[in-house]
1. Place +1 on the Cβ of every Lys and Arg and -1 on the Cβ of every Asp and Glu in the chain, take the dipole about the Cα centre, and give the residue among P141, N239, S187 whose Cα lies farthest towards its positive end.
2. Based on the Cβ-Cβ distance from K15 to I353, what FRET efficiency comes out when R0 is 45 Å, to the nearest 0.05?
3. If you work out volume of the Cα convex hull per residue in Å³ from the coordinates, which of (1) 172; (2) 149; (3) 138 do you get?
4. In whole Hz, what ³J(HN,Hα) sequence does the range 92-107 give by Karplus (6.51, -1.76, 1.60; θ = phi - 60°), x for Gly and Pro?
5. If R₀ is 25 angstrom, what is the calculated FRET efficiency for the pair N73 and E196, using the beta carbon separation as r and rounding to 0.05?
6. Starting from the Cα of N164, step 7 Å along the direction of its Cβ; do the same at E181; then give the gap between the two resulting points in nm.
7. Quickly rank 167-174, 18-25 as a protection proxy: mean count of other C-beta atoms within 10 Å, highest first.
8. Run the helix sum for the chain: -39,500 (n - 2.57) per DSSP H stretch of 4+ residues, divided by residue count, reported at 222 nm to the nearest 500 deg cm²/dmol.
Amino acid sequence: MLNYLKNYIKNSPIKMISYAEYIQQALYHPEYGYYMNSKAKIGPNGDFITTSNISDIYGRKLAKWFYKEACKNHLPFHVCEIGGGNGRFAKAFIDEWNLLADGQLQYYILETSPYHRQLQQEQISFSNHIRQIESLEEISPFKGLIFSNELFDAFPVHVIEKKNEGLFEIMVTVKDEQLAEMAVPLSNEEILSFLEDSGLKLNIGQRIEIPLQMEHMIKSIADSLEHGMVLTVDYGYSNEEWKEPARRKGSLRGYYKHSQINNILKNPGEMDITSHIHFDSLIRIGDQHGLKFIQKLRQDEFLLSTGILHELEDHYDPNPFSEVSKRNRAIRSLIMPSGMSSAFHVILQQKGIEAK
């Protein structure tokens with residue numbers, strides 16, 4: 001893919017492209033993009049792990065949570081998962097639903113990766129009620145739950161930096177036949193508007209990612225949802241957290257075989273690329289488009305609020321190698337302060353639901 005990208009940049013009008021365009025090509029190019037190829041990505045043989053793939057307990061608890069919320073708020077039993085990955089979460093959710101609920105579940109998975117669509121088909125029995133879709137327009141207007149887990153962190157982002165002379169956008173160019181950065185004065189009006197609306201103030205020398213595509217996705221979700229809930233699980237920072245010295249160089253990273261790669265210009269198409277999302281802006285943009293903010297919790301706090309400890313208390317087996325013991329260890333890993341969940345937050349938004 002490196003040669004493709006170099007030619008792509010050399011043939012661009014100004015011989016450079018934004019980081020957002022670079023990430024778009026590196027992750028989503030139909031032939032060379034990381035998410036589009038058939039290489040394993042999630043799990044021990046891949047490049048990263050997600051909390052929804054630690055155990056099926058995650059999907060099963062969310063199924064119980066949604067059943068309770070749907071009954072309380074008189075919502076249809078409809079779920080749309082955006083970016084379903086290998087399908088493990090959906091399978092766990094559906095399996096649990098079939099055990100606990102007496103109502104027919106309608107489950108949609110919006111997935112653009114052919115590789116992940118194939119993995120989902122191997123895990124899940126699709127039917128008229130369990131379907132893969134390619135856009136939210138297919139199910140709009142939608143009533144129910146729209147769910148995503150680590151969706152926004154994989155979106156292409158622009159990169160800007162504040163220097164003594166002002167704000168600059170960091171572009172990607174070709175220098176000595178290698179991919180390299182180049183700073184140009186910031187002129188993108190969308191980025192300037194995002195900064196103004198967000199209230200973000202950068203210090204001299206600070207670099208930060210600007211998620212314009214996140215804004216477009218939130219608007220699309222809000223436009224598609226007529227009545228229901230949006231549950232977003234991801235990692236990110238508030239505006240105050242972005243000011244901390246540790247965030248000075250931004251959050252753009254690559255992951256290859258579970259190792260962090262700080263220079264994402266290396267090995268394009270062969271590694272995951274990710275950045276922390278802007279929580280305050282996600283909530284603000286949602287509110288602007290009719291998604292009422294309800295709560296933001298750390299993922300471990302959210303899981304505790306769903307009663308996950310009852311799953312631990314109700315199942316005990318002295319055999320450390322039994323399925324019950326493995327399940328209990330998975331539960332502990334999801335709720336321990338030092339576990340993965342502490343790095344994630346769960347944001348709940350609603351539309352058309354009256355406060356109870």
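Every number here is computed from the coordinates shown, using simple stated rules; none is lab data. The structure presented is a predicted model; accordingly, all values stated were derived computationally and were not measured. As a convention, Cβ positions derive from the backbone with ideal geometry for all residues, glycine included, and neighbour counts pool all protein chains shown.
1. It is N239.
2. The pair K15/I353 has a calculated efficiency of 0.35.
3. (2)
4. 5, 4, 5, 4, 5, 4, 5, 8, 9, 10, 9, x, 5, 8, 10, 10
5. 0.10
6. Once both label points are built, they end up 1.9 nm from each other.
7. Averaged packing, sorted descending, gives the order 18-25, 167-174.
8. -10000 deg cm²/dmol
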